[in-house]
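Q: Here you go, one structure.
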Amino acid sequence: MSADFAAIRRDEFPIAASATYLDNAARGPLPQSHVAAVTAYLREASAEMPARDSALLIEETRERAARLLNCTPADVALLATTSQGLNLVPGGLDWRSGDEVILYEMDHPTDIYAWLNLADRGVTAHFIKDRGGRYAAEDVEALIGPRTRAVCLSMVNYGHGFRAPVEAIGEICRRRGVWLVVDAIMALGALKVDAAAIGADIIVAHGYKFLLSGFGVAICYCSERARGELRVAEVGYKGMERAMDYARTLPDFAGLAGRPLAFAAGAQRFEAGTQALSVMAGMKASLELMLSVGVDAIESRILALAGQLCEGLRAKGYRIAGSTGPGERSAIVSFTRDGLDADELSASLKRRKIYHHVIHRRIRFSPHLYNSQEDVAAALAAS
């Protein structure tokens, strides 16, 4: 049965009744089911302690995140931020002077800084050159040398919206023995992100954008290699194989000294401490909403709306940033034209309550599943 997007818009997103919200790439509005779940958790926490089984809540959220990513729950770590997941490889590999990493020159600083921070260990960064708001898998492979250890890139670029060929890049990296780290914050929740098809070592996305889940919890896929070979740099009791044993019998810490710690076999090993449980309750509800619609249906709707925006903007003389080729579009539509004063147009859009973003002197729209053709028409009429 196909999803009733009009009902979802009406029942879950009250902001749609008062504004044209097309800024999901900056912050996604919280569905009413998310708000209800968080409110219920907080009320329980105020009235009784403990509010509920926190371990069960975490595992239920992990299971739903795994379904969204097409992987197993053991592959999923529930972290605090995208940056925390992106740092697992820079912080977990045994780097040697002369090692190299490959990055995209137009990616978000979050995707760059952790790798540049390895310079004092003799690690060199090489950058994929931009080719008009896109690049090809062959551009990545051309940079891979005998000392290349890792590639890190965004699945969807935050500025121009290019959807990278991560599946082809993943195949290249696996063949060459190179680690692949993917920032999926501009993709997960909007596009199909199939961990099995991508074949990356790390895929991570904070919840506050297209996952419609607010701040404080990030979904992080960790490959079997990542779980088996990366050093756990941030250690806490929650990442241990028998995390709660200490509550029954205090461990023999002196006996453990000098021996390898028994980390959990799954990606949970990277969870150093207790997560933001109220946010977790909301994320579970948001994930259930998206899973009830289906990732393919969400992607199809978003790409259709983004395509209508592109077509209408071109008809008005605007240039669309990034590639518009098959398989290379996303929810992000970033545009400009000669002589455009982006700040002036932004002010005009704000007066009409059309939410958007100004980035790199361009206007950026980013629809989600609850947006409609009427939203597209309003944005086009005001642009």
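Q: Find the residue count for the range 109-125, including only residues that are buried (at least 17 other Cβ atoms within 10 Å of the Cβ) and touching a helix residue (DSSP H, G or I) at 6+ places or on another chain (Cβ under 9 Å).
A: The total comes to 6.
Q: Within the range 86-93, identify whether any single residue is free of Cβ contacts under 8 Å to residues at least 12 places away in the same chain and not in a strand (DSSP E or B), and answer yes or no.
A: no
Q: A follow-up question, please. What's the number of the condition residue 210 fails, among (1) out of contact with any helix residue (DSSP H, G or I) (no Cβ under 6 Å at 6 or more places or on another chain); (2) touching a residue at least 12 places away in the same chain (Cβ under 8 Å); (3) open to solvent by 10 Å² or more (accessible area, probe 1.4 Å)?
A: Going through the list (1) out of contact with any helix residue (DSSP H, G or I) (no Cβ under 6 Å at 6 or more places or on another chain); (2) touching a residue at least 12 places away in the same chain (Cβ under 8 Å); (3) open to solvent by 10 Å² or more (accessible area, probe 1.4 Å), residue 210 breaks only (3).
Q: Follow-up. Would you check if residue 329 is in contact with a Phe, Trp or Tyr (Cβ under 9 Å, 6 or more places away or on another chain) and assigned to a loop (DSSP other than H, G, I, E, B)?
A: yes
Q: Are there any pairs, at least 6 apart or on different chains, whose C-beta atoms fall under 7 Å, with the first in the range 282-309 and over 19 Å from residue 23 (Cβ atoms) and the second aromatic (Phe, Trp, Tyr) and open to solvent by less than 10 Å² (accessible area, probe 1.4 Å), and if so, which?
A: Short answer, once both residue conditions are applied: none.
Q: Yes or no: the range 76-84 includes at least one residue that is β-branched (Val, Ile, Thr) and over 20 Å from residue 240 (Cβ atoms).
A: Checked against the condition, which is being β-branched (Val, Ile, Thr) and over 20 Å from residue 240 (Cβ atoms), the range 76-84 yields at least one hit.
Q: Please verify whether the range 21-40 includes one or more residues that are at pLDDT below 95, of a type outside the set (A, V, I, L, M) and assigned to a loop (DSSP other than H, G, I, E, B).
A: Looking for residues that are at pLDDT below 95, of a type outside the set (A, V, I, L, M) and assigned to a loop (DSSP other than H, G, I, E, B), one finds none in the range 21-40, hence no.
Q: Hey, another quick one. Determine the pairs where a residue that is open to solvent by 70 Å² or more (accessible area, probe 1.4 Å), located within the range 341-361, has a partner that is in a helix (DSSP H, G or I) and among the β-branched types (Val, Ile, Thr) with Cβ atoms under 9 Å apart, the partner being 6 or more residues away or on another chain.
A: Matching pairs, first to second residue: 355/15.
Q: Has the range 316-331 got any residue that is within 28 Å of the chain's Cα centre (by Cα), acidic (Asp, Glu) and open to solvent by less than 20 Å² (accessible area, probe 1.4 Å)?
A: No, the range 316-331 contains no residue that is within 28 Å of the chain's Cα centre (by Cα), acidic (Asp, Glu) and open to solvent by less than 20 Å² (accessible area, probe 1.4 Å).
Q: Among the numbered conditions (1) more than 24 Å from residue 369 (Cβ to Cβ); (2) surrounded by 15 or more Cβ atoms within 10 Å (Cβ to Cβ); (3) among the basic types (Lys, Arg), tell me where residue 43 comes up short.
A: (2)
Q: I need every pair where a residue in the range 14-28 that is free of Cβ contacts under 8 Å to residues at least 24 places away in the same chain and over 13 Å from residue 209 (Cβ atoms) has its Cβ under 8 Å from the Cβ of a residue that is among the charged types (D, E, K, R) and in a helix (DSSP H, G or I), sequence separation at least 6 or different chains.
A: Close Cβ pairs (under 8 Å, with a partner that is among the charged types (D, E, K, R) and in a helix (DSSP H, G or I)) amount to 17/10.
Q: Sticking with this structure for a sec: Considering only the range 79-103, state which residues are over 18 Å from residue 119 (Cβ atoms) and touching an Asp or Glu at 6+ places or on another chain (Cβ under 9 Å).
A: 79, 82, 84, 85, 88
The values are calculated or read from the model by the stated rules, or taken from the named source; none is laboratory data. Here the structure is a predicted model, which is why all the values come from computation and not from measurement. A quick note on method: Cβ atoms are made from the backbone with ideal geometry, for glycine too, and the neighbour counts reach across all protein chains shown. Surface accessibility is based on the protein's heavy atoms, side chains included, excluding ligands, DNA and RNA. Shrake-Rupley method; radii C 1.70, N 1.55, O 1.52, S 1.80 Å.
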